[in-house]
1. Under 5 Å between amide hydrogens, which residues at least 5 positions from Thr40 or on another chain qualify, with H placed 1.01 Å from N in the peptide plane?
2. Quick one: what are the phi-derived ³J(HN,Hα) couplings along the stretch 84-92, Karplus 6.51/-1.76/1.60 with θ = phi - 60°, whole Hz, x for glycine and proline?
3. So how far apart, in nm, are the two label points at Ser31 and Lys46 if each is 7 Å from Cα heading toward Cβ?
4. On a 1.4 Å probe surface of the protein chains, which of Thr118, Thr53 comes out largest in accessible area, and what is the full order?
5. All other residues with a Cβ under 12 Å from the Cβ of Tyr99 taken together, and with Lys, Arg as +1 and Asp, Glu as -1, what is their net charge?
6. Could you work out the pair-distance distribution P(r) of the stretch 52-98 from its alpha-carbon pairs, with 5 angstrom bin width and percents rounded to whole numbers?
7. With every protein chain in place, what's the accessible area of Glu74 (1.4 Å probe, Å², nearest 10)?
8. Taking every Cα atom in the stretch 33-129, find the radius of gyration and the maximum pairwise distance Dmax, and write them in Å.
Amino acid sequence: LGDKFFNERDEIFFRKSFKKPVQKIESQKKSLTFDDTKSTLYFNGKEIVISKTRNSNGHYLLKTIFKNKDKIWEFDEIAEDWADEYEKDDWNRYYNAGYAVNEKVAKETTIKDFLTITSKTVGVNKKYL
């Protein structure tokens, strides 16, 4: 009788504890947009101002990424979208822009991995799409 009680209790607790996060992630997916006229990212129920003047690399990076937010963007593709000539040493410009966006998102939402950034690519983390 004791094992049956504990198994049922664990099952009920397990179901309750895992329903809410799934719903929360679903609501995050629906609200993920970027308004490039206001330079504001709408994510996780928050309005995150990326640039007050719309003249920062973070603003331009999100403007590019949200043309196809499901895609992992290579830095040469981003440079092409920005009408720049990509050179091998320019990777830190795009990397730093992604890092700055992640910092702003982390301040507002405590989520530190909004963008997935490598030394060659950047994109929205798949779990937030």
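1. Asp35, Ile50
2. 3J(HN,Hα) across the stretch 84-92, in whole Hz: 10, 8, 7, 10, 4, 7, 7, 4, 5.
3. Modelled inter-label distance: 1.1 nm.
4. My answer, sorted largest first, is Thr53, Thr118.
5. +1
6. Result returned by the calculation: 5, 21, 34, 26, 11, 2.
7. Approximately 90 Å² of Glu74 is accessible to the 1.4 Å probe.
8. Reported Rg and Dmax, both Å: 12.4, 38.
The values are calculated or read from the model by the stated rules, or taken from the named source; none is laboratory data. What you are looking at is a predicted structure, and each value in this text was computed from that prediction instead of being measured. Note: ideal-geometry Cβ built from the backbone for every residue, glycine included; neighbour counts use all protein chains shown. For the accessible areas, the whole protein counts, side chains as well, though only heavy atoms, and no ligand, DNA or RNA atoms are used. Shrake-Rupley method; radii C 1.70, N 1.55, O 1.52, S 1.80 Å.
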